[in-house]
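Notes follow once the structure below has been shown.
Nothing in this text is a laboratory measurement; each read-out follows from the coordinates by a stated rule. Bear in mind the structure is a predicted one, so any value in this text is a computation, not a measurement. As a convention, Cβ positions derive from the backbone with ideal geometry for all residues, glycine included, and neighbour counts pool all protein chains shown.
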Amino acid sequence: MKYLGYLAVGFVLGALVWAFVGGTALKEVRAAKQPPCLGCSVDGKTTPRMPDGHPDLSGHWGGAGGANHDQYNRSADGSFLYDFSGNDVDENGDPISAVKATAPRPGQTSFNIGSDKPDDNAPYKPEYLAQAKKVGDQVYGATNADDPDLACKPGGVPRAAFGEMQVMQIPGVIAILYAAPMNDRLIYTDGRQHPKHLDTSYMGDSIGRWDGDTLVVDVAGLNDETWIAGGFSAPKYTNIHSDQEHVTERWTRNGDVLSYQATVEDPVMFTKPWVLPAKKIRHAGPDPGNDNYLMQFGCSPTDLGHIVKPTKDDQYYCNLCIKPAGVK
């Protein structure tokens, strides 16, 4: 009986040791496989997935971690330098967010405000191209007083669809909150169709389906009070559209990089569909300092009346520009 007692005690001690050691090891394994933040990839390369197997688009995109602020983005005094030329890759060919920062040219007085090459702009019918050019030729700096964005109207799709944002994904619906709260939207993925009697709105009605690992979003019911593009790096003559605008978006996640592609159709104003250049952005990633979060900002149209077109006598101009060397 004595030996049985020793055996029992030994078994209990062994079980406790196994529970401690094995349990600790199991916790370490589980911890090692846990992503460092909401929606983060475990290693920056593996695409996280939902229980149904589809890619998980959740998390904070852009922001401090996703804007690729590195040593190539800073001037000698350590400040950030921004080039809104629309580049989507850095000097190594790696994808970056919309705010690619490179050193300005000597004497540069404003940033690239978009291309006026015919092939880069939307394929307007002749009568509407004349209207688009009239708007585009008034652009200075990043925009002009006709820009609906400055009147605090939602930006619409595709203009306001992709940028710094917080994505929340659950079965059946994906919610997207943007830095500009008036652009927040829902993408339904539960198999529904657009409502039969759909009123137009700034952000339209979005329904999504999965094509492999790509979320394909059909956006309808868009009003004609927004611009297709605008601001920095936008094609100069791509702005107006009708209330028949229809957009097909393709969202693809690869590790901690999210790609966006959009095709715009407008049977009233366009001669053919217009495919936007692809955009990419990084997941903001973990933030131990708790400073990297989506901060939504308000909008006030009071600045609208203060936007004046520069003249040739101006030393420097625009609402986001740099002062040339020698100008005090």
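The modelled label-to-label distance between ASP211 and ILE170, using points 7 Å beyond Cα along the C-beta direction, is 2.9 nm.
Summing Cβ point charges (Lys, Arg +1; Asp, Glu -1) relative to the Cα centre of segment 159-297 gives a dipole of roughly 340 debye.
Here the gap between CYS152 and HIS197, fully extended at 0.36 nm per residue and compared with their Cα-Cα distance, gives a gain of 13.5 nm.
Under the simplified labelling scheme, the GLN244-ALA179 pair shows an inter-label distance of 3.6 nm, with each label point 7 Å from Cα along Cα→Cβ.
In plain terms, the chain from LYS125 to GLU225 could stretch by 34.1 nm, reckoned as 0.36 nm per residue minus the Cα-Cα distance. The packing ranking of peptides 216-222, 196-202, 278-284, highest mean first, is 278-284, 216-222, 196-202, where packing means the average number of other beta carbon atoms within 10 angstrom of each residue.
Return the FRET efficiency for the residue pair VAL268, CYS299: r is the Cβ-Cβ distance, R0 is 30 Å, and the value is rounded to the nearest 0.05. About 0.55, to the nearest 0.05. Working ranking of peptides 263-269, 150-156 by packing, defined as the average number of other Cβ atoms within 10 Å per residue, highest first, is 150-156, 263-269.
In this structure, the pairs whose alpha-carbon distance is over 21 Å, taken from LYS236/LYS272; LYS133/LYS279; LYS134/LYS280, are LYS133/LYS279; LYS134/LYS280. Summing charges over neighbours of GLU265, with a neighbour being any other residue whose Cβ is under 12 Å away from its Cβ, gives -2 when K and R count +1 and D and E count -1. Taking the DSSP bridge list for segment 185-248 and keeping only pairs wholly inside it, about 75 percent are antiparallel.
With labels modelled as points extended 7 Å from the Cα through the Cβ direction, what inter-label distance (nm, one decimal) is found for ASP137 paired with MET50? Using points 7 Å along Cα→Cβ, the separation is 4.9 nm.
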